[in-house]
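Everything below concerns the one structure shown next.
The values are calculated or read from the model by the stated rules, or taken from the named source; none is laboratory data. Since we're looking at a predicted model, the values are computed, not measured. We place every Cβ from the backbone using ideal geometry, glycine too, and count neighbours over all the protein chains shown.
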Amino acid sequence: MGAQLKLVEQNLHLVEVHQRQLLFHIPSSSLFELDDLTLQLIQDLRQQPEQSAEQLVSALQAKFSEQQALFPEQHSWFSKQQIEEVIQEMLALELISDGSRQLTPEIGTKTISEFPLNTLVLNVNTGCNLSCSYCYKEDLDKPSAGRKMTLETAKQSIEMLLQESPDEERYNIVFFGGEPLSNFSLIVEVVNYAERRFAQFNKPVDFTMTTNATLLSEEIVDWLNAHRFGLSVSMDGPKAIHDKNRITVGGQGTYDVVSRKARMLLSRYRSRPIGARVTLTKGITDIERIWRHLHQELGFAEVGFAPVTSGDISAFNLSYQELGEVFANMKRLGEFYLEEALAHRNIGFSNMHQLLTDLHEGNKKALPCGAGVAMLAVDHKGDLNLCHRFTGSDLNTFGDVQTGMDKPALAEFLQQRLDRTDTGCASCRIRNLCSGGCYHESYARYNDPAQPTYHYCDLMRDWVDFGIQVYSRIMAENPAFFDDYISPRRAH
């Protein structure tokens, strides 16, 4: 009797799309269309978990011979050699195991020894001219109390970036707050300094900013355009929805001024597409209505949705039922996305764009994002934070711009998330796409940034399954969509 074969269930997931059986190969985030032989082999091993290769080949040959005799036009016959070749391919992909192979270490068990830092988030002012009721910023101040970053700290940040990671192909400086435009004079000086310094290294540098838009003027827009900023506007939808939470310090709604400034921005800005970032809070689940207003009526190139499930103020958190409604509505918008994509039109739904990008590029993530590895956030004092969400929090910082990154502390922190032992992530089918979820969301909900965000795992798994269906339809019926609308996003 030969070695016993068994399926490695944690490495495979089957999805049916229009009567086509697809296999999502979890370790590589790749998608394959299954032939009859491979599908039958999987089914047989599920019915009888352990069989020798000889037993499996014999049983499959008998089954295919019987099917082919009864229905010659519907079923193919497979030789012993063909079945053995498929078994070897599945062994190589680690979809089945014969017990003699050392499975490739899971992506999550690796350690971080290098930190290819290429993105710095500069928290240029803790002050904000708005008082959005759901704001997660732990160091947020009123305008008069805002703590502004100095030019010296900003310069030290850039020098630290160049010193820590001199060999990166491209760099990105992100301006954040509070409201970053409330320290616009510093932004101008930092951009001038950065462009000069990175040019000395023959390295390109990009600039990015998220803004509430209220402080924009035509002159500022033209300056941002000249320096090709990647811009995102925080806006929650039509007036009734936006004004529910996005209010001034005095308690007044801001839709009128934000929409007026956004229209001006969209009419003048030409360098790069501009997106809208929507925060979904308790009672707000109408994805399609919000998308329609921001994309079709105002003209944002993309609209992305961020559900609040773990904010510091629980009154703003979506209930599990509401979160289910959010995902159901995202799928409804995703169905329209698919319909338009098959007609070679792009509706600018960022969440679907990102999922399709991950599937198309076969992205495999050991960690949920680049925080702590490729990206750090600098607070107004010059301390290095895991990301912009943690500035002002109780989480330890990881060095400062004067002394550089505290790499041992970063490695120790990240190792906690990399180690998937005894977690739900260890065998989850979306473990290399989700990678445990947002650090700050875990921190806010569980007071532990290393713990996975278990509270919406089932919804995320269903969302990825839906994305696989959308992806496979577009690839089968209009693959040019990816060349024209998905891949070019990387250039922006």
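In contact (Cβ under 8 Å) with a residue 24 or more places away in the chain and either out of contact with any His (no Cβ under 8 Å at 6 or more places or on another chain) or more than 30 Å from Ser472 (Cβ to Cβ) (or both): which single residue out of Ala315, Ala328 fits that description?
The unique qualifying residue is Ala315.
Going by the conditions given, is Ile284 hydrophobic (A, V, I, L, M, F, W, C) and within 20 Å of the chain's Cα centre (by Cα)?
no
Taking into account only those residues within the stretch 199-225 that are in contact with a Lys or Arg (Cβ under 8 Å, 6 or more places away or on another chain) and among the acidic types (Asp, Glu), which is surrounded by the most Cβ atoms within 10 Å (Cβ to Cβ)?
Asp206
Identify, please: which residue in the stretch 426-441 is among the polar types (S, T, N, Q) and outside any helix (DSSP H, G or I) and is, among those, farthest from Gly467 (Cα to Cα)?
Ser427
Is it true that Lys381 is part of a loop (DSSP other than H, G, I, E, B), under 30 Å from Ile158 (Cβ atoms) and of a type in the set (Lys, Arg)?
In short, yes.
Restricted to the stretch 150-186, and to residues that are in a loop (DSSP other than H, G, I, E, B) and in contact with a Gly (Cβ under 9 Å, 6 or more places away or on another chain), which residue is surrounded by the most Cβ atoms within 10 Å (Cβ to Cβ)?
Here the answer is Gly178.
State the number of residues belonging to the stretch 310-334 that are among the polar types (S, T, N, Q) and surrounded by fewer than 20 Cβ atoms within 10 Å (Cβ to Cβ).
Summing the residues that are among the polar types (S, T, N, Q) and surrounded by fewer than 20 Cβ atoms within 10 Å (Cβ to Cβ) in the stretch 310-334 gives 4.
Can you tell me which condition Gly178 does not meet? The list is (1) at pLDDT 95 or above; (2) more than 13 Å from Trp223 (Cβ to Cβ), and all the others hold.
(1)
Which residues, counting only those in the stretch 1-59, are small (Gly, Ala, Ser) and assigned to a loop (DSSP other than H, G, I, E, B)?
Once the filter is applied, which keeps residues that are small (Gly, Ala, Ser) and assigned to a loop (DSSP other than H, G, I, E, B), the stretch 1-59 yields Gly2, Ala3, Ser29.
Search the stretch 277-300 for residues that are among the small types (Gly, Ala, Ser) and pair each with any residue that is in a loop (DSSP other than H, G, I, E, B) when their beta-carbon atoms are under 9 Å apart and the residues are at least 6 apart or on different chains.
If the second residue must be in a loop (DSSP other than H, G, I, E, B), the pairs left are Gly283/Leu318; Gly299/Ile274.
Give just the number: which of (1) surrounded by 18 or more Cβ atoms within 10 Å (Cβ to Cβ); (2) polar (S, T, N, Q); (3) within 25 Å of Thr357 (Cα to Cα) does Ser487 not satisfy?
Only one criterion in (1) surrounded by 18 or more Cβ atoms within 10 Å (Cβ to Cβ); (2) polar (S, T, N, Q); (3) within 25 Å of Thr357 (Cα to Cα) is unmet by Ser487, namely (1).
Hey, any hits in the stretch 464-483 for a residue that's among the acidic types (Asp, Glu), in a helix (DSSP H, G or I), in the same structural domain as Gly275 (by TED's automatic domain parsing) and in contact with a Lys or Arg (Cβ under 9 Å, 6 or more places away or on another chain)?
yes
For Ala240, state whether it is aliphatic (A, V, I, L, M), surrounded by fewer than 14 Cβ atoms within 10 Å (Cβ to Cβ) and either assigned by TED's automatic domain parsing to the domain that holds Val308 or in contact (Cβ under 8 Å) with a residue 40 or more places away in the chain (or both).
yes
Please work out which residue is surrounded by the most Cβ atoms within 10 Å (Cβ to Cβ), limiting yourself to the stretch 335-360 and to residues that are part of a helix (DSSP H, G or I) and more than 19 Å from the chain's Cα centre (by Cα).
Ala341
When you check Val190 against the structure, is it closer than 15 Å to Val124 by Cα and among the β-branched types (Val, Ile, Thr), yes or no?
So Val190 passes the test.
Residue under question is Arg277, and the condition is that it be in contact with a strand residue (DSSP E or B) (Cβ under 7 Å, 6 or more places away or on another chain), under 27 Å from His455 (Cβ atoms) and of a type in the set (Lys, Arg); does it hold?
yes
State whether one or more residues within the stretch 289-304 are at pLDDT below 95 and either farther than 30 Å from Ile173 by Cβ or in the same structural domain as Tyr439 (by TED's automatic domain parsing) (or both).
no
Out of Arg170, Arg228, Arg196, Arg270, I need the residue that is in contact with a Lys or Arg (Cβ under 9 Å, 6 or more places away or on another chain) and farther than 26 Å from Thr126 by Cα. Which one?
Arg170
Each row is one residue, and each column tells you yes or no for (1) of a type in the set (Lys, Arg); (2) in a loop (DSSP other than H, G, I, E, B).
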residue	(1), (2)
Arg270	yes, yes
Ile284	no, yes
Gln296	no, no
Gly304	no, no
Thr309	no, yes
Leu318	no, yes
Val326	no, no
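What are the residues in the stretch 395-430 that are of a type in the set (A, V, I, L, M) and buried (at least 17 other Cβ atoms within 10 Å of the Cβ), if any?
Leu395, Val401, Met405, Leu410, Ala411, Leu414, Leu418, Ile430
How many residues does the stretch 187-206 contain that are closer than 14 Å to Val174 by Cβ and part of a helix (DSSP H, G or I)?
4
Please verify whether the stretch 415-425 includes one or more residues that are touching a residue at least 40 places away in the same chain (Cβ under 8 Å), in a helix (DSSP H, G or I) and among the charged types (D, E, K, R).
Yes: one or more hits.
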